[in-house]
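**Q** What follows is a structure written as C-alpha cells; I'll ask about it next.
The values are calculated or read from the model by the stated rules, or taken from the named source; none is laboratory data. Please read these numbers as outputs of a predicted model, since none were measured by experiment. Glycine also receives a Cβ, built like all others from the backbone with ideal geometry; neighbour counts cover every protein chain displayed.
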Amino acid sequence: MSAGQPPPSTRITAGLEGAPREVDVLVVGLGITGAGVALDAVSRGLSVLAVDAHDLAFGTSRWSSKLVHGGLRYLAKGQIGVAHESAVERGVLMEVTAPHLTRPMPMVVPLTSSVTRAQATLTAVGLRAGDALRRGARTGAETLPRPRRLSATETLALAPALRRAGLRGGMLSWDGQLEDDARLVTTVARTAAALGAVVRTRARVLAVEAASSNGAGGLRVGLRDELTGATTTVVARAVVNAAGVWAGDLAEEVTLRPSRGTHLVLRAAALPGLGTSVFAPIPGETNRFVLVLPQPDQTVYVGLTDEPVDGPVPDVPEPTEPEIGFLLDVVSACFARQLHRSDVVGAFAGLRPLLEPPAGSGGSTADLSRKHAVLVGRSGMVTVVGGKLTTYRRMAQDAVDAALATPAAAGLAAGPCRTRTLPLLGAAPRAELAALEQHPRLVRRFGTDAALVLADALEVTGLTEDELLAPVAEGVPVTLAELVFGVTHEGAVDVADLLDRRTRVGLLAGDRALAEPAARRALALAAHHLPGRR
C-alpha cells in the first residue's frame with residue numbers, strides 16, 4: 001500500500017460530498033477508537049463510512065502522555081485483566097502493527113531521600129511484575145529489556161539533572177513510547193482509507209434511529225456537512241458510536257464521569273541532559289508518580305493529573321493553575337533545579353471517557369477501571385467507551401463484533417478480525433526502518449511512506465527537496481513536505497488541522513506562530529491539486 005500514491009478516492013477528505021448513502025457500518029468519531037473501528041470493519045470486507053464533526057484526533061486521543069503502556073499501574077490496582085490486555089496490545093503495536101511510530105522508552109525511578117526502603121522494595125516488586133506481563137504477552141526482551149537496579153552514579157548518568165543530595169540509586173525499566181498520538185490516529189485512519197473505508201471529517205451526526213420497529217431494516221443516521229451546512233441521511237446496517245467523552249450525546253443510556261489529565265510542556269534546557277524518562281514519586285503516595293518524558297523535538301512533557309470534571313464537555317479542555325503548580329512542585333522535589341511557572345512553554349489537558357460507577361460506590365476518578373465497555377442501545381447502535389489508547393485495537397475488535405451481532409447486521413458477510421497481524425501504512429521492522437535513507441523526521445513519522453510524502457510534495461509544489469525538507473522556522477523541526485501531505489492525503493483543511501493535529505507545533509504557542517506562514521503556504525500549494533479546494 002505504501003509503494004505508490006493512492007488514488008483520490010482513498011484519501012481522507014472533509015465534508016460529505018460524494019459520500020455513500022448506504023453502508024454496512026457507519027462509525028461516529030475519528031479519535032483512536034473510531035479510526036480503529038473503521039480499520040477493523042473494512043479489513044473484514046465491510047463497507048464503511050467513518051465521520052467526525054471536527055477532525056482526526058480532535059478530542060482525547062491527542063492529549064495523552066504519548067505512551068504505549070504495558071499496564072503496570074493497573075496491575076498495582078488489582079485490574080489484572082486490563083493490565084494483561086495492555087501488555088498484549090503494547091506488544092502488537094511495537095512489534096507488528098506500528099514499529100515505525102513506537103520506540104522502547106527507558107524510564108528511571110530515582111530512589112531519593114523521600115522514598116523509604118519499603119517503598120523501594122514495593123517498586124522493585126512492581127517492576128518485576130511488569131516484566132512478567134511483558135513475558136506473558138510474548139514481547140521480546142530485544143524490544144523491551146528487563147528492569148534492573150541502578151547505582152547513584154548510573155542514575156545520574158541517565159538523568160544528570162536529578163537532585164544529588166540523598167540520591168541512593170534508581171530503578172531502570174522499559175515501556176513503549178509513541179512518536180505522537182495524533183500521528184497514530186491519522187495513520188490508522190489512512191490505513192482504513194487505503195483499504196476502502198470512506199473517512200470524512202467535518203461531518204456531524206445529528207441523530208441515529210432504527211429504520212424499522214424490529215430493527216431489521218438497519219439504522220438511519222442524519223448527518224450535516226459542517227463545510228456547507230447541507231444535511232443528508234445514510235442508512236447503515238450497523239452504527240458504532242466511538243465519540244469518546246461526547247458519546248453520551250448520541251446514546252442517552254450512557255453516563256460518563258470524565259476525568260482530566262493535564263500535562264506541561266517544557267524546553268529540554270529546563271532539565272538538561274535528560275537521556276531517559278523519569279518517574280518522580282509523589283510524596284505521601286505509594287504507587288503514584290509524575291512522569292517526566294523527553295521528546296524528540298527537544299521538549300519534555302510532564303504529567304499527569306487525574307481530576308474529576310463536572311458540567312458540559314468542552315471542545316478543548318484547559319489545564320488549571322493548581323494542576324500546573326502540583327506538577328511543578330513534584331518534579332522540582334526530584335530535580336536539582338527548582339522549576340517555575342515561566343519554564344512552562346505549553347500545557348494541555350485531555351478528558352478520559354470513564355463510565356459512571358454504580359451509585360454509592362464512591363472513589364475518585366483515579367480509582368475507576370480503565371477497562372473499556374461495549375454497550376448496545378435500544379436503537380441497535382453500539383457504543384464503545386472507557387479503555388485507553390494502547391488498547392484501541394482490542395476495543396475496536398470488540399465493538400465490531402458487537403455490531404455484527406445486532407439484528408440489523410444479520411446476514412452481513414464479514415470475515416474474522418485481521419488487525420492483530422495487519423501492519424499500518426509505513427510499518428516495517430526497526431532494522432529496515434533504520435536503514436532507510438530518507439529524511440529522519442519523515443521516517444520517524446511516516447516509516448516507509450517517507451518517500452511517498454516527499455514525492456507527493458515534489459509533484460504538488462514543484463519545489464526542491466532542500467526547500468521541502470528544511471525546518472519551516474528556526475527551532476521548529478516540522479517540514480513543508482509533511483504539511484503538504486497533510487493536506488493532500490490526510491484531510492487537513494486549515495492551519496489548525498496542520499499545526500495542532502497533523503503535527504504538534506500547536507502545543508507551543510510561540511512555535512505555532514512561527515510555523516503558521518508555512519502551514520498557509522502548504523494549504524495554498526495543495527489547493528490546485530485537490531477538487532473543491534481552488
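**Q** Quick check on my filter: what residues within region 442-462 are in contact (Cβ under 8 Å) with a residue 40 or more places away in the chain and over 14 Å from residue 489 (Cα atoms)?
**A** 442, 443, 444, 445, 447, 448, 461
**Q** Looking at the structure I just gave you, is residue 61 in contact with a helix residue (DSSP H, G or I) (Cβ under 6 Å, 6 or more places away or on another chain) and either surrounded by fewer than 24 Cβ atoms within 10 Å (Cβ to Cβ) or under 30 Å from residue 218 (Cα atoms) (or both)?
**A** yes
**Q** Further question on the same structure: Kindly provide the set of residues from region 493-503 that are surrounded by fewer than 24 Cβ atoms within 10 Å (Cβ to Cβ) and among the β-branched types (Val, Ile, Thr), ordered by number. I'd like the intermediate steps shown before the answer.
**A** The initial filter retains those residues of region 493-503 that are surrounded by fewer than 24 Cβ atoms within 10 Å (Cβ to Cβ), namely 493-496, 500.
Across region 493-503, the qualifying residues are 493, 495.
**Q** Here are 54, 69: which of them is modelled with pLDDT under 90, touching a strand residue (DSSP E or B) at 6+ places or on another chain (Cβ under 8 Å) and not assigned by TED's automatic domain parsing to the domain that holds residue 153?
**A** Step by step, each of 54, 69 is checked, and only 69 is modelled with pLDDT under 90, touching a strand residue (DSSP E or B) at 6+ places or on another chain (Cβ under 8 Å) and not assigned by TED's automatic domain parsing to the domain that holds residue 153.
**Q** Out of all the residues in region 71-86, which are among the hydrophobic types (A, V, I, L, M, F, W, C), surrounded by fewer than 20 Cβ atoms within 10 Å (Cβ to Cβ) and either touching a residue at least 12 places away in the same chain (Cβ under 8 Å) or more than 18 Å from residue 392 (Cα to Cα) (or both)?
**A** Result: 76, single match.
**Q** Now, a different point. Taking residue 443 as the residue in question, decide whether it is buried (at least 21 other Cβ atoms within 10 Å of the Cβ), among the β-branched types (Val, Ile, Thr), touching a helix residue (DSSP H, G or I) at 6+ places or on another chain (Cβ under 9 Å) and in the same structural domain as residue 471 (by TED's automatic domain parsing).
**A** Criteria met by residue 443.
**Q** For the subset of region 471-526 comprising residues that are out of contact with any Gly (no Cβ under 8 Å at 6 or more places or on another chain) and of a type in the set (S, T, N, Q), which member is nearest to residue 264 (Cα to Cα)?
**A** The qualifying residue nearest to residue 264 (Cα to Cα) is 479.
**Q** So which of 128, 90 ends up being modelled with pLDDT under 95, outside the structural domain of residue 23 (by TED's automatic domain parsing) and of a type in the set (Lys, Arg)?
**A** On inspection, the qualifying residue turns out to be 128.
**Q** Which of the residues spanning region 129-183 are among the hydrophobic types (A, V, I, L, M, F, W, C) and in contact with a Phe, Trp or Tyr (Cβ under 7 Å, 6 or more places away or on another chain)?
**A** 144, 161, 162
**Q** Within region 68-85, is there a residue that is in contact with an Asp or Glu (Cβ under 8 Å, 6 or more places away or on another chain), of a type in the set (D, E, K, R) and farther than 12 Å from residue 144 by Cβ?
**A** yes
**Q** If you scan region 385-405, which residues turn out to be of a type outside the set (A, V, I, L, M) and over 13 Å from residue 61 (Cα atoms)?
**A** Answer for region 385-405, where residues must be of a type outside the set (A, V, I, L, M) and over 13 Å from residue 61 (Cα atoms): 393, 394, 397, 398, 401.
**Q** Suppose we filter 326, 279 for residues that are more than 19 Å from the chain's Cα centre (by Cα), in a strand (DSSP E or B), farther than 17 Å from residue 63 by Cβ and not basic (Lys, Arg); which single one remains? Full working, then the answer.
**A** Working: 326 fails: in a strand (DSSP E or B).
After applying the criteria, what remains is 279.
**Q** Something else now. What are the pairs with Cβ atoms under 7 angstrom where one residue, in region 207-226, is at pLDDT below 95 and the other, located anywhere, is of a type in the set (Lys, Arg)? Sequence gap at least six, or different chains.
**A** If the second residue must be of a type in the set (Lys, Arg), the pairs left are 209/220; 211/220; 218/237.
**Q** Now a separate question. If you take the residues in region 470-492 that are surrounded by fewer than 20 Cβ atoms within 10 Å (Cβ to Cβ) and of a type outside the set (Asp, Glu), which one is modelled with the lowest pLDDT?
**A** Among them, the one singled out is 475.
**Q** OK, next. Kindly indicate the residue of region 151-182 that is hydroxyl-bearing (Ser, Thr, Tyr) and touching a strand residue (DSSP E or B) at 6+ places or on another chain (Cβ under 7 Å) and also nearest to residue 390 (Cα to Cα) among those meeting that condition.
**A** 173
**Q** Suppose we filter 302, 330, 316 for residues that are surrounded by 17 or more Cβ atoms within 10 Å (Cβ to Cβ) and free of Cβ contacts under 8 Å to residues at least 40 places away in the same chain; which single one remains?
**A** 302
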